[in-house]
Amino acid sequence: MLNKYSISTSGPQKTAIALKQADLIILTRPTDEEIQQLCQTFNLNKFSFRYRSSPEEVSRFHRTTSDVLDNPFFLVVYDYISSFKHIEKQLAPSLIIFDSDHLIICTDSEDSCKNIANSNYSNLSEILLTIFRNANIKLWMFL
């Protein structure tokens, strides 16, 4: 499912605006069509999402290319989904693409998505820092 949000002082607000205009985009267990739409809209490499639900995905952080996003970064961290029965499914990758004006999150973790969507974060940086903190990422690694 693909959901678009605008960020306001009271937190993320679900919106029907164009995908390019959304501040926050959350894809929960997205379909191939939703991935295709996202990649076409933001000129992203579809291959980046190939292992989006697979334990074969690798944690990583790097710049990525896009003619639409301004100097975007690509981050992969893992969510723990306790409701899944098998360990192979419990550790699910979260793919995060961001620039100064957009945050795109792609994950199988419905709880993580609900927590962000129902938060009172008033800017993308707060959301991103929370993701870093929850993933135990040391911020100095990226400076």
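In segment 103-126, what residues are open to solvent by 70 Å² or more (accessible area, probe 1.4 Å) and either polar (S, T, N, Q) or under 22 Å from CYS39 (Cβ atoms) (or both)? Those that are open to solvent by 70 Å² or more (accessible area, probe 1.4 Å) and either polar (S, T, N, Q) or under 22 Å from CYS39 (Cβ atoms) (or both): ASN115, ASN118, ASN120, SER125.
So, of the residues in segment 114-133 that are closer than 17 Å to ALA22 by Cβ and of a type in the set (Val, Ile, Thr), which turns out to be modelled with the highest pLDDT? The residue in question is ILE127.
Applying the condition of being touching a Leu at 6+ places or on another chain (Cβ under 7 Å) and open to solvent by less than 30 Å² (accessible area, probe 1.4 Å) to segment 65-96 and asking which residue is farthest from ILE26 (Cα to Cα) yields SER66.
Across segment 49-64, the number of residues qualifying as open to solvent by less than 80 Å² (accessible area, probe 1.4 Å), touching a Phe, Trp or Tyr at 6+ places or on another chain (Cβ under 8 Å) and either of a type in the set (S, T, N, Q) or not in a loop (DSSP other than H, G, I, E, B) (or both) comes to 5.
Filtered by the rule that a residue be modelled with pLDDT under 95, in a helix (DSSP H, G or I) and either under 13 Å from the mean Cα position of the chain (by Cα) or at positive phi (or both), segment 25-48 gives a lone residue, SER48.
The values are calculated or read from the model by the stated rules, or taken from the named source; none is laboratory data. As the structure is a computational prediction, the values presented were derived from the model and not from experiment. Cβ atoms come from the backbone with ideal geometry, glycine included; neighbour counts cover every protein chain shown. Side chains included, ligands, DNA and RNA excluded: accessible areas come from the protein's heavy atoms. Shrake-Rupley method; radii C 1.70, N 1.55, O 1.52, S 1.80 Å.
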